Amino acid sequence: MLKVLPIQSQVNPINLQSYEVTFNINPYDIEAIDSIPENRIMAEKELKAANISSVEDKVWIGGQTATQFDKRDTVKADEFMIIPIIIVLISLLLLAYLRSVTAMVYLMGTVILSFFAAMGLGWIILHYLMGVDAIEGTIPLYSFVFLVALGEDYNIFMVSSIWRKKETMPIKQAIRKGVAETSGVITSAGIILAATFSVLATLPIQVLVQFGLITAIGVLMDTFIVRPFLVPAITALLGRHAFWPSKMTKKQEEKEHAN
């Protein structure tokens with residue numbers, strides 16, 4: 001898999017030895033990146049065999065492939081820390097504002113589902129239509145932050161209208177009125193925002209192209225699928241349970257039974 005070419009060290013007084021490792025595969029492939037720990041272990045074994053102590057501090061691996069390996073590990077650590085924090089904070093805000101555990105769960109679920117759908121569709125377009133071999137490691141994290149924040153912003157705007165209207169009318173009618181009342185603003189904002197992110201796809205920088213395309217797709221999905229169809233449908237199916245643990249007033253229950 002690897003071809004190792006020794007290079008004479010020019011720092012002999014402190015006894016350094018440098019080697020150039022040439023991959024016979026794409027150095028940016030996952031396989032090449034995953035081989036970095038193996039290369040380190042091999043080098044440390046050779047030093048131990050030469051009776052050298054503290055080998056962990058005496059092996060350095062550089063180059064673009066090693067940089068990608070370190071970057072991937074850093075991004076993964078950030079994802080495991082930042083994504084749960086974002087989910088928890090937004091969930092708490094939804095819970096405080098709507099006072100409904102059920103609504104908080106399905107509203108968070110819809111934006112997370114929208115994010116994964118945008119990533120999948122974005123990958124299909126980037127890979128099969130634009131010839132991109134891989135999505136840059138930071139794109140999922142950046143896209144998640146933007147799409148979840150924007151998606152919940154639209155959610156709160158629409159659901160707040162439904163929540164207000166359910167006080168004076170049956171749930172299904174409140175959903176129809178709430179969606180109709182907010183659809184114009186949400187659609188206009190979504191189109192403008194998606195167009196803004198789409199501009200990034202025209203730039204000659206791959207990271208911005210990928211981020212702009214995936215985020216624009218996510219915004220359009222939120223605007224034309226999640227907000228007008230998915231969220232209202234779930235709310236209608238759940239009925240009064242969509243507001244749990246808050247309860248309907250006696251007057252609201254009478255209207256529901258009459259409807």
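Where a number appears in this text, it was derived from the coordinates with a stated rule and is not lab data. Keep in mind it's a predicted model, so treat the numbers as computed, not measured. Cβ sites come from the backbone with ideal geometry, for glycine too, and all protein chains shown count toward neighbours.
Counting only Cβ charges, +1 for Lys and Arg and -1 for Asp and Glu, the dipole size of region 56-156 around its Cα centre is about 260 debye. The C-alpha atoms of the chain define a longest principal axis, and helix 36-49 lies at about 30 degrees to it.
Does anything in region 120-163 have its amide N under 20 Å from the 7 Å Cα→Cβ label point of residue 207, and if so which residues? Correct set: 123, 126-127, 132-147. The share of Cα pairs per 10 Å bin across the chain, counted from zero up to the longest distance, runs 6, 22, 23, 16, 13, 9, 6, 3, 1, 0 percent. Against the longest principal axis of the chain, how steep is helix 139-165, in degrees 0 to 90 to the nearest 10, with axes from Cα atoms? Helix 139-165 and the main axis of the chain meet at about 10 degrees. The value given for region 148-203 is a Kirkwood hydrodynamic radius of 12.4 Å, derived from the mean inverse Cα-Cα separation. How many angstrom lie between the Cα centre of region 152-193 and the Cα centre of region 66-121? Each part's Cα centre sits 23 Å from the other's.
The convex hull of the Cα atoms of region 78-197, projected and averaged over all directions, covers 8.6 nm².
Among 80-88, 157-165, 238-246, sorting by the average number of other beta carbon atoms lying within 10 angstrom of each residue, highest first, gives 157-165, 238-246, 80-88.
With contacts taken as Cα pairs under 8 Å at a separation of at least 6 residues, region 174-225 carries a relative contact order of 37 percent.
Taking the average, over residues, of other Cβ atoms within 10 Å as the packing measure, peptides 56-62, 147-153 rank 147-153, 56-62 from highest down.
Neighbours of residue 140 by Cβ distance under 11 Å: Lys/Arg scored +1, Asp/Glu scored -1, total -2. Here the peptides 101-107, 214-220 are ranked by packing, the mean other Cβ count within 10 Å, and the order with the highest first is 214-220, 101-107. Taking 51, 39, 155 as the candidate residues, the one with maximal mean-square fluctuation in a Gaussian network model of the chain, Cα springs under 10 Å, is 51.
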